[in-house]
Amino acid sequence: MSIRSILAWLLLFYTPALLAQKGSVKGRITASDGKPLSYITVGVKQTASGAQTDENGNYIIQQIAPGKYTLSASAVGYKPAEKVISITGGSTITADFLLQTTSTTLEEVAVQGYKSGGQIRSQTISTAAYKEQPATLVELMNRAAGIRIRQTGGLGSRSNLMLNGFQNRSVRYFKDGIPLDYLGGGFDISLVPSNMLDRVEVYKGVLPFHLGADALGGAINMITAQDTKSFLNASFEHGSFNTNRVSLNGYYKNASGKFFAGVNAFYNYADNNYKVNVQQVDTATGNKKDAAVKLFHNRFSNYYAEGFIGIAGRKWADELRFGLTAFSVERQFQFGSTMDKPFGAATGKQYSVVPTLQYKKQLWQGKLDINQFLVYNSLHAKTVDTAHGHYDWYGHFSPSSNSIGEISDRGSLSDITFKYFTSRTNLSYKLTPGQVINVNVVFNNFSRTGEDPYGFKFKNEKDVLTVPAKYNKIIVAGGLTSTFLEGRLQNSLAGKFYHYNTDASDADYQGNEIRTKNSNTAWGIAEGIKYNITRYSSAQLSVETALRLPEQDELFGDGNLKLSNFDLHPERSLNINAGYKIAVPGRFKIEANAFYRYTKDLILLMPINFMYAQSQNVEKVKGAGLDADASVNIFSWLEASGNFTYQDLRLVNPGNVATDKARLRNTPYFFANAGLNARFNKVLFKEDKIHLYWYYSFVREYYVDYIPKSVEPDGFLGLFGKTKIDARNVIPDQQVHTAGFTYYPDKNRYAIGFQTRNIFDTPVYDNFRIQNPGRSFSLKISYSL
């Protein structure tokens, strides 16, 4: 069937829906002090229609059939409010809400939740409208401006986040405001189901105080789904390459609101047996030849289960929450840090059980806010590499008496324990209604110990892994948050203190012990300002000179294919960010951000051979960039969107002609997205609806290794033309089309989603030219109660 025929069929099918004149309701929700309330739920009681407010408190609900309805607004800590509205065909009415707090204690809890957004949040990606799609969180994030998440293969492969010129661990992950380091690979952004989250907050530049980590390039804060009332969500997804994903999320709150409990759980499995283009060694001639093969040893599975209970509204605690998390990650290794050599038997595993405790309390009539979080984790990582031979890309095995393993000739049966203790203390004191003093202290204690009978040994035959490696760090952030001009002008001034020390031992090739002890103390300062120009528009600017301490996996490795590096230096960077945003709900949104970076000792994850990768310092990197994002409602039922990101990140190395001013290796410098979303109500039945969507993604070619600036494409900004180097060093232009639909048979209770990724089955390459899956199909069934 041709595209023209498909469009004609869609037009014929949806003509009745397009002809029906429906109306809309829009408005703004504010608190009693005049501050806008972000992400407040607004619903039309007699229908399944609803919306969330944006960061400025604005909302719009479209495609409401003519009639009389009750509009409701609700939020944690506020009295629900209702208004009766009358919709006529084609009209848009305005309904604003002023929500009153329920009590002093709950007011402070609610205000705390509102403040967590911070005044320097750059953008928010709501998962509410997309959670029933069979799309990964990585896909949703990659559709946003300035964000690129790359993966080394299919489901469960290592992900690398890039945000405004920074990447990997320079951009920090948080879950409900808590640093995610302690969960290892159990809560990776590539594994978390989108329906587990309410939204994802993106911070470009200076972080708000309540996060208070040592990020350089911003942060991603994943906000889990919690509501003012109990709920239960479940989903099952099946797709190509035997991909299966299951999720279950539930939350219960009793009538008094003083007891709550919940569960967040998900399971992922995939054979990842997609086709790839590789170079296979000809056994007869020893020469390499191109081959298209199907991956045969690439299975991945993991489960994650988190349960929590808590009490709220007590005299001695506004909230006390205890959580227990268990997770396991198992993967087969088909290849190492590159796709130059196949493996056929090596496997890796991580597992852990993690208790957490969180305490919140407001004192002195709500002026002092205390938020304490504690976690301890003992994470186990195992690697099995004892094939006693090697595999080729066709799965043929050749035994060998000279090697134990295929990843490393010496083999591996490593069993490593990583121990984490994290304490995060957040204090805020309200000096005046418009000024708050904030102090945030994050203390981390890490250690690594283990054993490997085939691993490196000291001269006395002692296993290197049995000698504990230790790492301690503390980050203290303090400053003042101020609001002026009735909340329109917001300013944040912060100072940061950093201290860390490491103590670890390793063996050289002769078995001599090499002990590494490092210690450093440093200071940083940050300034962020935001001005709400109008109800719908704002501008912001932030400047920061900051330090980013190495993470424990960068120092210790991950126990599998990521090696340790005890000589890593902290990153030091000067960052400047500026942005402008205008968003009129139901009409259009335009956002633009620019940045400048000058970084010393940038930490990059780089392959040191075809097997292993290691975090290493890049001495000096300078760059600037721009991203822009826009969306427009062409009709009430049709939205078009698009964005682009350009970042010019280059080495500063005057002493080396080959690398001075060279683009940062393995880093895309231009990528863009476009999309169409169409939503229709009453398609087949009175209460059903459907969401149709199409997305296009483009990534300009970039380079596996450094190349001289003189051989770059000579087109405008490098966006046109071809480079003059070996094609094996080029990650080529990539264009990917994705389309699908989500159908809701009965209001929002049930949903059926279908999606086709990479419709034209084009080769897709990512980190260090590792090939990702081609065309795939996914079906997802969701249920909400």
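Miscellaneous remarks
- Test for LEU605: is it in contact (Cβ under 8 Å) with a residue 40 or more places away in the chain, closer than 30 Å to PHE343 by Cα, touching a strand residue (DSSP E or B) at 6+ places or on another chain (Cβ under 8 Å) and part of a strand (DSSP E or B): yes
- Residue among GLY366, GLY336, GLY344 that alone is in contact with a helix residue (DSSP H, G or I) (Cβ under 6 Å, 6 or more places away or on another chain) and not in a strand (DSSP E or B): GLY366
- Listed by position, the strands (runs of 3 or more DSSP E) inside the range 82-151 whose residues that are at pLDDT 75 or above and crowded, with 21+ Cβ neighbours inside 10 Å number at least 3 are 147-151.
- Taking the conditions (1) among the charged types (D, E, K, R); (2) surrounded by fewer than 17 Cβ atoms within 10 Å (Cβ to Cβ); (3) in a strand (DSSP E or B) in turn, LYS722 satisfies each one other than (3).
- Extreme residue, farthest from SER641 (Cα to Cα), among residues of the range 671-689 that are buried (at least 19 other Cβ atoms within 10 Å of the Cβ) and within 22 Å of the chain's Cα centre (by Cα): PHE671
- Contacts under 6 angstrom Cβ, first residue in the range 636-664 being under 17 Å from SER697 (Cβ atoms), partner in a strand (DSSP E or B) and among the polar types (S, T, N, Q), 6 or more apart: SER641/SER631; ASN643/ASN673
- Selection within the range 717-729 - within 18 Å of GLN647 (Cα to Cα) and in contact (Cβ under 8 Å) with a residue 24 or more places away in the chain: LEU717, GLY718, LEU719
- Filter result for ILE590 (of a type in the set (Val, Ile, Thr), crowded, with 22+ Cβ neighbours inside 10 Å, in a strand (DSSP E or B) and within 23 Å of the chain's Cα centre (by Cα)): no
- Where a residue in the range 672-685 is touching a residue at least 12 places away in the same chain (Cβ under 8 Å) and more than 30 Å from LEU626 (Cα to Cα) and its partner, wherever it lies, is of a type in the set (A, V, I, L, M, F, W, C) and part of a loop (DSSP other than H, G, I, E, B), with Cβ under 8 Å and at least six apart: ARG679/TRP637; PHE680/TRP637; ASN681/ALA65; LYS682/ALA20; LYS682/ALA65
- Selection status of PHE327, part of a strand (DSSP E or B), of a type in the set (A, V, I, L, M, F, W, C) and touching a strand residue (DSSP E or B) at 6+ places or on another chain (Cβ under 9 Å): yes
- Test for VAL436: is it at pLDDT 90 or above, in contact with a Ser or Thr (Cβ under 7 Å, 6 or more places away or on another chain) and buried (at least 16 other Cβ atoms within 10 Å of the Cβ): yes
Residue by residue, here is whether (1) among the hydrophobic types (A, V, I, L, M, F, W, C); (2) buried (at least 21 other Cβ atoms within 10 Å of the Cβ); (3) closer than 16 Å to LYS473 by Cβ; (4) in contact with a strand residue (DSSP E or B) (Cβ under 6 Å, 6 or more places away or on another chain) holds:
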residue	(1), (2), (3), (4)
ILE525	yes, no, no, yes
GLY528	no, yes, no, yes
TYR531	no, no, no, yes
THR534	no, no, no, no
GLN540	no, yes, no, yes
ARG548	no, yes, yes, yes
GLN552	no, yes, yes, yes
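- In the range 505-537, the residues that are assigned to a loop (DSSP other than H, G, I, E, B) and either within 30 Å of ASN460 (Cβ to Cβ) or under 28 Å from the mean Cα position of the chain (by Cα) (or both): ASP508, TYR509, GLN510, GLY511, ASN512, TYR536
- So PHE741, is it more than 30 Å from LYS341 (Cα to Cα), part of a strand (DSSP E or B), more than 28 Å from the chain's Cα centre (by Cα) and assigned by TED's automatic domain parsing to the domain that holds ARG665: no
- Answer residue from the range 465-496, given it is crowded, with 21+ Cβ neighbours inside 10 Å and among the hydroxyl-bearing types (Ser, Thr, Tyr) and is nearest to VAL543 (Cα to Cα) among those: SER492
- Selection within the range 141-183 - within 17 Å of GLN350 (Cβ to Cβ) and hydroxyl-bearing (Ser, Thr, Tyr): THR152, SER157, SER159, TYR173, TYR182
- Where PHE308 falls short, out of the listed (1) of a type in the set (A, V, I, L, M, F, W, C); (2) buried (at least 17 other Cβ atoms within 10 Å of the Cβ); (3) within 28 Å of ALA613 (Cβ to Cβ): (3)
- Taken over the range 364-388, the residue count meeting the criterion of being over 17 Å from ARG331 (Cβ atoms) and buried (at least 17 other Cβ atoms within 10 Å of the Cβ) is 5.
- Of all the numbered requirements in (1) closer than 30 Å to LYS367 by Cα; (2) at pLDDT below 80; (3) basic (Lys, Arg); (4) touching a Pro at 6+ places or on another chain (Cβ under 8 Å), ARG28 misses one, and that requirement is (2).
- Taking the range 372-491 and the strands (runs of 3 or more DSSP E) fully enclosed by it, the elements with 1 or more residues that are closer than 30 Å to VAL353 by Cα, of a type in the set (Gly, Ala, Ser) and within 33 Å of the chain's Cα centre (by Cα) are at 412-432, 435-451, 469-484.
- Any hit, the range 680-701, residues being modelled with pLDDT of 90 or more, over 23 Å from GLN133 (Cα atoms), out of contact with any His (no Cβ under 6 Å at 6 or more places or on another chain) and assigned to a loop (DSSP other than H, G, I, E, B): yes
- Within the range 751-777, if we keep just the residues that are over 25 Å from ASP340 (Cβ atoms) and β-branched (Val, Ile, Thr), the residue that is surrounded by the fewest Cβ atoms within 10 Å (Cβ to Cβ) turns out to be ILE759.
- Test result for PRO713, in a loop (DSSP other than H, G, I, E, B), in contact with a Ser or Thr (Cβ under 8 Å, 6 or more places away or on another chain) and in contact (Cβ under 8 Å) with a residue 40 or more places away in the chain: no
- Residues satisfying the stated conditions in the range 255-302, i.e. out of contact with any Gly (no Cβ under 9 Å at 6 or more places or on another chain), under 30 Å from LEU357 (Cα atoms) and exposed (fewer than 12 other Cβ atoms within 10 Å of the Cβ): ALA255
- Filter result (among the aliphatic types (A, V, I, L, M), closer than 30 Å to VAL543 by Cβ and in contact (Cβ under 8 Å) with a residue 40 or more places away in the chain) within the range 625-635: ALA628, ALA630
- Only one of the numbered conditions (1) touching a strand residue (DSSP E or B) at 6+ places or on another chain (Cβ under 6 Å); (2) among the hydrophobic types (A, V, I, L, M, F, W, C); (3) more than 25 Å from LYS294 (Cβ to Cβ) is violated by PHE716, and that is (1).
The values are calculated or read from the model by the stated rules, or taken from the named source; none is laboratory data. Predicted model only: the values in this text are computed from it and were never measured. Counting neighbours? That spans all protein chains shown, and the Cβs are built from the backbone with ideal geometry, glycine included.
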